[in-house]
Structure formats: structure tokens, C-alpha cells
Amino acid sequence: MYVLSKEGSCVRLDKFLSVTATATRSEATKAVRAHRVLVNGVPPKNAAHQIDPERDVVEYGGRVVTYRAHHYILLNKPAGYVSATDDGREQTVLDLLPHKYTDLGLFPCGRLDKNTLGLMLLTDDGELAHRLLSPRRHVTKRYYFRVKFPLTAEECARFRAGLVLEDGYETKPADIDLHEDMHSGVITLVEGKYHQIKRMMLALHNQITHLERISFGPLTLPPDLARGAWRPLTPEEEAALLAAAE
């Protein structure tokens, strides 16, 4: 989270527009010069103009800008991106967002492997992320999967009971709903160990060929959200997410 200012204190206009993900500082400067920014109905002289976020009304392109303490972004992660804020060699999930989101301090809540697809929550709310990822919360995560070899009823029963992985770790019971083709289905986990589903399938001498997270707690991947696309959570989604972390 980026704390904009103490209550009653002032901040530069360009900084305010930046930390609210309205515009980058350079975009804010250009918008002020073009008179597309108003403070209390009046065009400011420059982007260094001081405002009080608690009292002043800022408009950008005709839209009132409000300050939010936290941001929550739902992303449909494509393959080829790592779940990190910065990586010297790979593209990260944050690279999928516009540049104006750089100053928000966003990070992925949990991890998806580089080639795993689907729902990812990006936020700057560290406390919420810690609670959602805590093993004590048992926040469920659902994945659509495909495997190389058909799964048997006996293997699914072993999967549901919990498996011993190659390093000796015994997984918690996990649900698996196998489709008629015996090669695909939906897995529900309440934990999230490193490469867990892939390692569980390896313990069954099988191999994941496709993995996509379709839900995380109360959040479900919207069918109309294209791969690589993102959007802020709706007020209803945000309320459900906060409730899940209580």
C-alpha cells in the first residue's frame, strides 16, 4: 500500500493522480497543460499544484478522482509470465498492466507457475494477502486440468485422501472431479505448495498438460475476461474477498 498523505496534509497533484492509477506523472503534466484537469472546478497552473485529498475535488477528463487505500485487480494470467513483481530475465504478471499502475505497489496474491493460466489477484493490501494465504484460513482454490494419461477411480481416491510427494511431504486431502474423458476435470485445493498439482500427478505417475485456476476463495474467473486481460474487482467481489479474510 502507498499511503498518500496524513489526514489534513497536502500532496502534489501529479503524485495524487499517479498513486490513484489515474495517470503517470508525465501524463498528468500533459493533461494539466491541456486543461483536462480541474481542482474544485478550476484548472491548476501546473502539476506541482498542492491539493488536500480529503477536501479538494479533483477531476481528470471529466471524471472525479477518488483516493483508495487499497487496490484489488483480477487478472486472467496467460502462459509465459512469472508471478513476481520484478524479474531480471522473465516477464512478470505486472507487465500486463498499464504503466500508470507502477506506483501502486501491487504484487500477486499467491503464485501461479509460469505456464499455469487463469485467475490471479493483484493487490497492495499486504494484510489481506497474508490472511488469504494463511493455511489456517483454508481458502479454496479450484483448477481445471488435463493430464497425459487417463486417471482411474483408485487414483482419484488416493488423490482425495492426500498423497506423499517426492520430498516426503504429505498433502492435505484435495477434491478431484474427473470428467468422462478420464483425462480432465476440476481440482480443489485448500493449500498451495510449490508446483503442488503437478507433483501430486507425478506421485500418480501422470503428467499435467494443461492447468488453469478458475477460482480463488469467493472470486471466480469471468468467462468474458480474455487471456491477459484484467479489471478491478467489483464492489461485490471486493466485499466477498474481505469477508473471506476475516
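The values are calculated or read from the model by the stated rules, or taken from the named source; none is laboratory data. Since the model is a prediction, treat every value here as computed from it, not as a measurement. Neighbour counts are summed over all protein chains in view; Cβ atoms, including those assigned to glycine, are modelled from backbone coordinates with ideal geometry.
Which of the residues belonging to the range 113-127 are closer than 26 Å to residue 21 by Cα and modelled with pLDDT of 95 or more? Show your work before the answer.
Quick first cut of the range 113-127, residues closer than 26 Å to residue 21 by Cα only: 117-127.
Within the range 113-127, 117, 118, 119, 120, 121, 122, 123 qualify.
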In the range 1-118, which strands (runs of 3 or more DSSP E) lie fully inside it and hold 1 or more residues that are of a type in the set (Asp, Glu) and over 20 Å from residue 129 (Cα atoms)?
58-60
Test each condition in (1) of a type outside the set (Phe, Trp, Tyr); (2) within 27 Å of residue 96 (Cβ to Cβ); (3) in contact (Cβ under 8 Å) with a residue 60 or more places away in the chain for residue 207 and report the one that comes out false.
(2)
Every listed condition ((1) modelled with pLDDT of 90 or more; (2) of a type in the set (S, T, N, Q); (3) within 30 Å of residue 242 (Cβ to Cβ); (4) surrounded by 18 or more Cβ atoms within 10 Å (Cβ to Cβ)) holds for residue 29 save (3)
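For the condition surrounded by fewer than 18 Cβ atoms within 10 Å (Cβ to Cβ) and in contact (Cβ under 8 Å) with a residue 24 or more places away in the chain, what is the one hit in 124, 87, 113? Can you show your working first?
Values: 124 fails: surrounded by fewer than 18 Cβ atoms within 10 Å (Cβ to Cβ); 87 fails: in contact (Cβ under 8 Å) with a residue 24 or more places away in the chain.
Sole residue among the options that is surrounded by fewer than 18 Cβ atoms within 10 Å (Cβ to Cβ) and in contact (Cβ under 8 Å) with a residue 24 or more places away in the chain: 113.
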